[in-house]
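The values are calculated or read from the model by the stated rules, or taken from the named source; none is laboratory data. As the structure is a computational prediction, the values presented were derived from the model and not from experiment. Cβ: placed from backbone, ideal geometry, glycine included. Neighbour counts: every protein chain shown.
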Amino acid sequence: MTQADWHVPSHVPPELIFDFDFFEPEGVEEDVQLAWRRLHDVAPDIFWTPRNGGHWVATRGEDIKTMQTDHERFSHREHVIPHQPGTYPMLPLNLDPPQHATFRSLIAPAFMPRALTALEDKARSVAIDLIDDLAPRGECEFIEQFARVLPVTVILDLLGLPQEDRTRLIALAESVVRTPGVERRIDAQAAMNAYLAGWIDKRLAEPGDDLISHVVHAEVEGRPITTEEMFSVCHLLLLGGLDTVASMLGFICKFLAEHAEHRHQLVQEPTLMRNAIEELIRRHGIPNTARLITHDFEYKGVPFKKDELVQLPNSLFGLDDRVVSDPTCVDFRRPFPIPHAAFGNGPHTCVGAMLARREIKVFLEEWLSRIPDFTIKPGTKPVLVSGRTNSIIELHLVWKPKL
């Protein structure tokens, strides 16, 4: 794209224009989060980019938090860039308060402490089986052989869906989350809903104790949930469980493979586990969602207009030196609570955040107890990507197997 091709609305001041493509930020191949953090050095705190249909980007923690919690000005009705009319709504994600709470309450009990204990036990059992199989081999491709398997197995079990569908569903999730084009994303969503249709029909006829059964037989404000609403909620549950935790596990594993001192610290001081998890989450933010501007107004001198989109890269909250001291340094002794927005802020904080933390904990405990020393395989390079979510899609590891 040349400057002559830029479409910049007339109300955007020239000094707030910065050419940035969030699918290809400079330096993404080395460290995707630091590729985003480069914006702190080269761009205005809030700027307009003409890429991907044109949109605003907020780069500082204070503004990200404000926009994540002020639904009257920054709505969650649309959260994907570029504008994608015709894509499937996801509830409760695309609702603002107070309607958001009504649908969130349908799924929140599945992620309460008592339920989480059973899910953690499931995750631990899966992790042990996977690691015991991998450990004697001395190497693995971590994303395909562990990171995607662990959380997907747990979410499919929670939803009552067959494990043999895992590969197919992961591919659909990849298309929904990381495809720039609107048509491919719509096609992938349609395929995912076609898959869900059969299971929703089965659970309507023969309910079980799984989460899909709970959703499709729920009542909303004293009435039965509609067919569109049940599809929307189930779609979000499935999509959320297929991608985010796998990406976080990948980034954490890459970091530990490259930083032996942090691995050894966790092995020698397991009491640091809670801090370590939060610190690793802070350093490796995943979502780059957006908010819809609800009306014309000025914010810190920025002239927002109705129906524009502003992107809120969650990773930049935890990497903002105005919020966190020495933010690029991973310090397992950093005082708790450790500030980050990896799971969002306010009412839209990810309902699965505690499950994600427990799955990360299970990985660290079980992997480090069996494979305490591992590195990136010589001759390979991790494959990192940016988009609506930051991800690592290939990570080859090696270690010396125990005899």
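Going through segment 48-79 one residue at a time, which ones are part of a loop (DSSP other than H, G, I, E, B) and of a type in the set (Lys, Arg)? Passing the criteria: Arg51, Arg60, Arg73, Arg77. Among the residues making up segment 156-201, those that are part of a helix (DSSP H, G or I), within 18 Å of the chain's Cα centre (by Cα) and polar (S, T, N, Q) are Ser175, Gln189. Regarding segment 220-241, can at least one residue be identified that is in a helix (DSSP H, G or I), within 16 Å of Ile155 (Cα to Cα) and polar (S, T, N, Q)? Looking through segment 220-241, none of the residues is in a helix (DSSP H, G or I), within 16 Å of Ile155 (Cα to Cα) and polar (S, T, N, Q). Only a single item in (1) surrounded by 13 or more Cβ atoms within 10 Å (Cβ to Cβ); (2) without any contact (Cβ under 8 Å) to a residue 12 or more places away in the chain; (3) among the hydroxyl-bearing types (Ser, Thr, Tyr) is not met by Tyr299, and it is number (2).
Touching a strand residue (DSSP E or B) at 6+ places or on another chain (Cβ under 8 Å), within 21 Å of Leu236 (Cβ to Cβ) and assigned to a helix (DSSP H, G or I): does that describe Thr153? The answer is no for Thr153. Checking each residue in segment 250-284 for being among the aliphatic types (A, V, I, L, M) and within 25 Å of Pro335 (Cβ to Cβ) picks out Ile252, Leu256, Ala260, Leu266, Val267, Leu272, Met273, Ala276, Ile277, Leu280, Ile281. For segment 120-142, a residue qualifies if it is assigned to a helix (DSSP H, G or I) and either of a type outside the set (A, V, I, L, M, F, W, C) or modelled with pLDDT under 95 (or both), and the qualifying residues are Glu120, Asp121, Lys122, Arg124, Ser125, Asp129, Asp132, Asp133, Pro136, Arg137.
Only a single item in (1) at pLDDT 95 or above; (2) outside any helix (DSSP H, G or I); (3) of a type in the set (Gly, Ala, Ser); (4) out of contact with any helix residue (DSSP H, G or I) (no Cβ under 9 Å at 6 or more places or on another chain) is not met by Gly27, and it is number (4).
The number of residues in segment 196-230 that are touching a residue at least 60 places away in the same chain (Cβ under 8 Å) and on the phi > 0 side of the Ramachandran plot comes to 1.
Residues that are aliphatic (A, V, I, L, M) and not in a helix (DSSP H, G or I) were ranked within segment 38-47; the one that is farthest from Pro25 (Cα to Cα) is Ile46. Could you tell me whether Ser247 is under 26 Å from Gln84 (Cβ atoms) and free of Cβ contacts under 8 Å to residues at least 40 places away in the same chain? Taking the combined requirement at face value, the residue does not satisfy it.
Scanning segment 193-216 for residues that are crowded, with 20+ Cβ neighbours inside 10 Å and over 16 Å from Ile155 (Cα atoms) turns up Arg203, Val216.
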